[in-house]
1. Going by what's in this entry, would Leu160 be described as hydrophobic (A, V, I, L, M, F, W, C), closer than 30 Å to Asn80 by Cα and open to solvent by less than 60 Å² (accessible area, probe 1.4 Å)?
2. Between a residue in the range 123-148 that is under 17 Å from Leu112 (Cα atoms) and open to solvent by 50 Å² or more (accessible area, probe 1.4 Å) and any residue that is among the charged types (D, E, K, R) and part of a helix (DSSP H, G or I), which pairs come within a Cβ distance under 8 Å, given they are 6 or more apart or on different chains?
3. Against the conditions (1) open to solvent by 40 Å² or more (accessible area, probe 1.4 Å); (2) in a loop (DSSP other than H, G, I, E, B), where does Val107 fall short? Just the number, please.
4. Failed condition for Pro4, given (1) at negative phi; (2) open to solvent by 50 Å² or more (accessible area, probe 1.4 Å); (3) over 32 Å from the mean Cα position of the chain (by Cα), with all others met?
5. Scan Glu67, Glu38, Glu16 and give me the residue that is of a type in the set (Asp, Glu) and open to solvent by 80 Å² or more (accessible area, probe 1.4 Å).
6. Determine whether Gln76 is in contact (Cβ under 8 Å) with a residue 12 or more places away in the chain and within 23 Å of His129 (Cα to Cα).
Amino acid sequence: MTTPRLPSAQVQAICEALLSLTAMNDASTRSLYLDEVEGELRKGLSVPRHAEVRYDVYRIVRACAQERRGMSVLLQVISNFHPGAAAVTAAQQVYLSWLLALLLADVPAEVLTEAVTAVTGRQLPHEDHLELVDAVGWQPTGDWDVPAAVALAGLVRAGLAADGTPFEQWLRDAALAMRLTAADLDGLRVAAKAHWASLRSRQQAAPVEAGGEEPESDMRRTIIIEETSPRDPGNSFGAASRRATCTSRVGRSSWSSSTRCSRRSTAPRCCPKRRCAGSVGSARPSWRSSSPTGTRTATSSSGG
């Protein structure tokens, strides 16, 4: 995998942050950091060292940025020596923001727009993904208990149908940098999935509320009741045969029921008024009818 070149603006911002650490002024300390990075990467780095502190730090940062995961390892090594240092956190945020902007470039616009709105409570322009990440920021916001940029990545990951492995790797790196726990990430994943599920449920319910038809489901159960009453002497059509069918189906968001009645004859008012007193999911639904006597049979069938 080819590692994109870290832009000079980001390299400079990372160097400025690291140079605020007093330990960076010591050449042997910088060498220690570099040795640790090479040990983690299991390879030597070709770094032309410089006597001037600023230039030497720049060359170390640039050399690490050219290696896959080299920049993440360098910042984590320095963080291990200076836990909680604001300068290291600032450098990590610069690098993570750039990486997240690269990932967001391939995200569908509708997914990105919804994720940004859910995190920030407003719509933000996202023609420039790096500016978007900077605008979202790293402070916890809204209902999310993690930094805003981390919440954005988690929401986008949950909203993608495609492989989200790059976002998962980014989330793990961000959690390490921001000192988030595994429980924090798990909570984010659950909340992000719940957000998209709620959104889809509202979208699917909208046509029904507007008077549209409820989408059909593969789950369907039909209950048929036939009632045959004795021949009515005043009825020229002979024995009255009545058939009531109750079909319940699972829509995308709720159960719906409809009752259709038919009669073999053309006599008016073929069926008595009925109400279903049973649950669709029950094995033997019961029916109540205002009809007097007669023979009633009930059958239940389900199909796809």
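1. Values: hydrophobic (A, V, I, L, M, F, W, C): yes; closer than 30 Å to Asn80 by Cα: no; open to solvent by less than 60 Å² (accessible area, probe 1.4 Å): yes.
When the stated conditions are applied, Leu160 does not pass them.
2. Listed pairs, sorted by first residue: Pro125/Glu131.
3. Here Val107 clears every test but (1).
4. All conditions are met except number (3).
5. Numbers: Glu67 fails: open to solvent by 80 Å² or more (accessible area, probe 1.4 Å); Glu38 fails: open to solvent by 80 Å² or more (accessible area, probe 1.4 Å).
Among Glu67, Glu38, Glu16, only Glu16 is of a type in the set (Asp, Glu) and open to solvent by 80 Å² or more (accessible area, probe 1.4 Å).
6. Details: in contact (Cβ under 8 Å) with a residue 12 or more places away in the chain: yes; within 23 Å of His129 (Cα to Cα): no.
No.
The rows are residues; the columns are (1) of a type in the set (Gly, Ala, Ser); (2) over 30 Å from Glu131 (Cβ atoms); (3) in contact (Cβ under 8 Å) with a residue 24 or more places away in the chain.
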position: Met24; (1), (2), (3): no, no, yes
position: Arg30; (1), (2), (3): no, yes, yes
position: Leu34; (1), (2), (3): no, yes, yes
position: Arg42; (1), (2), (3): no, yes, no
position: Pro48; (1), (2), (3): no, yes, no
position: Arg62; (1), (2), (3): no, no, yes
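The values are calculated or read from the model by the stated rules, or taken from the named source; none is laboratory data. Bear in mind that the values here come from a model prediction, so they are computed numbers and not experimental data. Glycine also receives a Cβ, built like all others from the backbone with ideal geometry; neighbour counts cover every protein chain displayed. Please note that ligands, DNA and RNA were not included when accessible areas were found on the heavy atoms of the full protein model with its side chains. Shrake-Rupley method; radii C 1.70, N 1.55, O 1.52, S 1.80 Å.
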